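The values are calculated or read from the model by the stated rules, or taken from the named source; none is laboratory data. Quantities reported herein were computed from a predicted structural model and do not represent experimental measurements. Here Cβ is always computed from backbone atoms with ideal geometry, including for glycine, and neighbour counts include all displayed protein chains. Surface accessibility is based on the protein's heavy atoms, side chains included, excluding ligands, DNA and RNA. Shrake-Rupley method; radii C 1.70, N 1.55, O 1.52, S 1.80 Å.
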Amino acid sequence: MAKLELQELTAMTVGDLMIESEKVAHVQMNNPLEHALLVLVKSGYSVIPVLDPTYRLKGMISKTAILNEVLGMERFEMEKLSVIKVSETMLTDVPVLKKDDLFLTALKAVVNHAFLCVLDEEGYFEGILTRRAILKQMNRYLHEQIHFNSAIDKTNV
Ligand code: 4BW
Ligand code: 4BW
């Protein structure tokens, strides 16, 4: 694989690095919490997007928020899982990215968020950008720089 130059890294866009919507686990606003918990447990993820039937982003739902919602005074009241809807428990104030946002914008965003949803101009969900995808490129770039610099040092001896 060719060496990754700084200009190439910083010219990468969110669209180059994101996971496409078809591969992203998600739930819908009207689903009961029981269904959301099932999707979260089965997919293995801790937080996933909430979409409407037309694929517009509505929020995010997490295992922690669901368990908090059904936590009673003395026990988890699991019977509530079938009554409460995702829309009542989801987080709605979520930061988003666009496909043409550049690498440095994405890097800054993933400092505070494990992943961000990627939306088009009309608010339709296109996919997610994960911290893993950004760290993978940073890792590649830094390792190649170190390798290249040590090769130059050796030729200068
Ligand atoms: O099923 C998994 N497969 C792989 N390859 N890695 C996984 C899996 N589950 C978790 N991981 C790893 C990843 O490194 O644990 C990290 C934290 O998972 P999370 O947050 O707490 O469930 C993962 O880091 P990441 O790939 O940078 O993903 C950050 C967050 O993005 C995840 C999850 O909330 C969300 N996410 C990632 N891929 C997703 C997804 N949500 C829905 N569908 C997907 N395909
Ligand atoms: O309460 C939170 N406050 C803030 N500011 N960010 C949070 C909070 N909860 C989650 N986050 C964000 C962080 O970006 O979601 C990421 C995943 O959380 P996690 O994994 O699945 O609970 C957080 O990424 P992180 O800060 O890089 O933390 C990665 C993981 O390290 C967390 C958790 O398992 C662990 N961790 C972090 N701070 C911790 C902690 N565990 C115990 N105590 C702490 N103070």
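So how long is each side of the chain along the principal axes, counting just the alpha-carbon atoms, biggest first, in Å?
So the extents along the principal axes, rounded to whole Å, are 72, 38, 23.
May I ask you to give the percent of accessible area on the range 15-157 that is carbon plus sulfur, with a probe radius of 1.4 Å?
Carbon and sulfur atoms account for 56 percent of the accessible area of the range 15-157.
For the chain, build the charge dipole from Cβ charges (+1 Lys, Arg; -1 Asp, Glu) around the Cα centre, then report which of LEU81, GLN145, ALA65 sits farthest towards its positive end.
GLN145
Which ³J(HN,Hα) values in Hz, rounded to whole numbers, follow from the phi angles of the range 46-59 under the Karplus curve 6.51 cos²θ - 1.76 cosθ + 1.60, where θ = phi - 60° and Gly and Pro get x?
8, 9, 9, x, 10, 10, 8, x, 8, 6, 8, 6, 10, x
If you put +1 on each Lys and Arg Cβ and -1 on each Asp and Glu Cβ, how big is the dipole of the range 8-52 around its Cα centre, in Debye rounded to 20?
220
Taking a cut-off of 30 Å between Cα atoms, list the lysines near LYS85, but don't count ones fewer than 8 places away on the same chain.
LYS23, LYS42, LYS58, LYS63, LYS98
How much accessible area per residue does the range 1-155 have, counting only protein heavy atoms and a probe of 1.4 Å, in square angstrom?
Accessible area per residue: 62 Å².
How large is the charge dipole for the range 6-155, taken about the Cα centre, if only the Cβ atoms of Lys, Arg (+1) and Asp, Glu (-1) carry charge, to the nearest 20 debye?
Dipole about the Cα centre, nearest 20: 460 debye.
Just to compare against my own numbers: the Cα pair-distance distribution for the range 1-54, 10 Å bins, whole % per bin, please.
Reading upward from the zero bin: 19, 36, 19, 18, 7.
Measure out, as a whole number of angstrom, how far apart the alpha-carbon centroids of the range 32-85 and the range 100-157 sit.
One Cα centre to the other: 30 Å.
Rounded to the nearest 10 degrees, what's the angle between the helix 131-155 long axis and the longest principal axis of the chain, both from Cα atoms, 0 to 90?
10
In the neighborhood of LYS136, defined by Cβ-to-Cβ distances under 14 Å, what is the net charge if each Lys or Arg adds +1 and each Asp or Glu adds -1?
Residues close to LYS136 contribute a combined charge of +1.
About the Cα centre of the range 114-157, how large is the charge dipole given +1 on each Lys and Arg Cβ and -1 on each Asp and Glu Cβ? Please answer in debye to the nearest 20.
440
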